[in-house]
Ligand SMILES: [Zn+2]
């Protein structure tokens, strides 16, 4: 392929016939739908994507165009435990089979395990990247470890919150007995 490939207008047939590969990254600002919670966010990070075209034989031996798509980014979300901002890494790896018409895609999508899309000479790969990242958003994002102690509403006056932090590894160390 001589001309540089445009991920906003990708010609599916030659891309898959040539078993071509297209990778790149785009500013998160191109992916407006990825920001469901703009407050407190620093914006979507860079979105990285890579697509691999391929022809694969179907059950009848005819060759079908396929694209394997990988993408990842970091999204600012709100932690559902401490309500502080949390950067969530999202990565997708999906495969799509392409058919000629919308009717065929609807029919075959129901019958196929893989996703079936309509082939086009100007396929918007980045819109597909955005769709897939959106579907991969965690429903309840959380810090692995929240940066601040979550404030507990204490109703019982006798309930004392201690400041002592127990390191689980230290406890494990105490439990270890020397080999003898
Ligand atoms: Zn948190």
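Quick notes
- Pairwise Cα distances in the stretch 12-148 exceed 28 Å in 30 percent of cases.
- Relative contact order for the stretch 12-148, counting Cα pairs under 8 Å that sit 6 or more residues apart, in percent: 23
- Spin-label proximity, residue 59 to the stretch 92-121 - amide N less than 14 Å from point 7 Å beyond Cα toward beta carbon: 108-114
- Using the Cβ-Cβ distance between residue 17 and residue 115 with R0 = 22 Å, the FRET efficiency computed as 1/(1 + (r/R0)^6) comes to roughly 0.60.
- The ranking of 9, 97 by Cβ neighbour count inside 10 Å, starting from the fewest, reads 9, 97.
- Rounded FRET efficiency, nearest 0.05, which uses the C-beta distance separating residue 50 from residue 82 and R0 of 30 Å: 0.30
Bear in mind that the values in this text are calculations on the coordinates, not laboratory data. Everything numeric here is computed off the predicted structure, so don't read it as measured data. Here the Cβ is made from the backbone with ideal geometry for all residues, glycine too, and neighbour counts use every protein chain on show.
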